[in-house]
Ligand SMILES: Cc1cc2nc3c(=O)[nH]c(=O)nc-3n(C[C@H](O)[C@H](O)[C@H](O)COP(=O)(O)O)c2cc1C
């Protein structure tokens, strides 16, 4: 079969929508994706991590710039330094609340840095030549938005394989970036923990803890 003919057949098949069973599975995945901070310490196969990064790179990006840069943080010393940056910032953040809110904040677990088998720092290459600037002349931040798209794609791909992801943003980005010794043009977008979850849930941990609920879709909508 000529390559072109088979490509056309594939296109033909994907011209329509996916079927109900797929849609139900996708809805399930979206409902059961969670930000996870409680990991089992069992390792994640490196081949699986590489596969997930390949899927993440299918994300959309402004001008097709693909500005995502991934750093697998394996070094125990660097990991401990990142955990220390988190502890410092988390303690500082707690001071920003008072009374019951502070007590609730302190009671929550907001990172799984000590237990997660995989630490993945995700950066944006602010000076990438890819895409030749298309689409970001007036909104340069779209380069970072593109990296967020990749993280969300990774999140779903991981969850679909039973792998949990936790996003840690309670960090001083300059301090965390210094620990990781990356090119100066890279800015930190997310520091992720990946691993096998201790539990699964269809409701955010912050909602279960009484911190913040999900709003209804109409509370996010304006009409003009
Ligand atoms: C940009 C971003 C940063 C986040 N940073 C943290 C964090 O530092 N610590 C934490 O516990 N959760 C963090 N989260 C997870 C949110 O708390 C979580 O997504 C939200 O409570 C909804 O829960 P769900 O993801 O399980 O649906 C972050 C999520 C995003 C998208």
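Below are the figures for this structure:
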quantity	calculated
Selected residue (only one of 121, 158 is surrounded by 19 or more Cβ atoms within 10 Å (Cβ to Cβ), part of a strand (DSSP E or B) and in contact with a helix residue (DSSP H, G or I) (Cβ under 6 Å, 6 or more places away or on another chain))	121
Number of the condition not met by residue 171 [criteria: (1) in contact (Cβ under 8 Å) with a residue 60 or more places away in the chain; (2) within 9 Å of the ligand (Cβ to nearest atom); (3) surrounded by fewer than 19 Cβ atoms within 10 Å (Cβ to Cβ); (4) within 19 Å of residue 118 (Cβ to Cβ)]	(3)
Filtered residue count, the stretch 44-100, keeping only those that are in a loop (DSSP other than H, G, I, E, B), at negative phi and crowded, with 17+ Cβ neighbours inside 10 Å	6
Criterion violated by residue 84 - all others in (1) closer than 25 Å to residue 181 by Cα; (2) in contact with a strand residue (DSSP E or B) (Cβ under 9 Å, 6 or more places away or on another chain) satisfied	(2)
Condition broken by residue 178, with the remaining ones in (1) closer than 26 Å to residue 63 by Cα; (2) away from the ligand (no atom under 16 Å from the Cβ); (3) without any contact (Cβ under 8 Å) to a residue 60 or more places away in the chain satisfied	(1)
Which listed residue is more than 22 Å from residue 153 (Cα to Cα), modelled with pLDDT of 95 or more and away from the ligand (no atom under 16 Å from the Cβ), from 76, 43, 60	76
Condition check for residue 176: over 24 Å from residue 55 (Cα atoms) and outside any loop (DSSP other than H, G, I, E, B)	yes
Test: residue in the stretch 193-202 that is within 12 Å of the ligand (Cβ to nearest atom), within 20 Å of residue 37 (Cα to Cα) and within 12 Å of the chain's Cα centre (by Cα)	yes
Which numbered condition residue 12 fails, given (1) within 16 Å of the ligand (Cβ to nearest atom); (2) exposed (fewer than 14 other Cβ atoms within 10 Å of the Cβ); (3) not in a loop (DSSP other than H, G, I, E, B)	(1)
Criterion violated by residue 188 - all others in (1) under 24 Å from residue 31 (Cβ atoms); (2) in contact (Cβ under 8 Å) with a residue 40 or more places away in the chain; (3) within 12 Å of the ligand (Cβ to nearest atom) satisfied	(1)
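The values are calculated or read from the model by the stated rules, or taken from the named source; none is laboratory data. As the structure is a prediction and not an experimental result, all values here were calculated from the model. Note: ideal-geometry Cβ built from the backbone for every residue, glycine included; neighbour counts use all protein chains shown.
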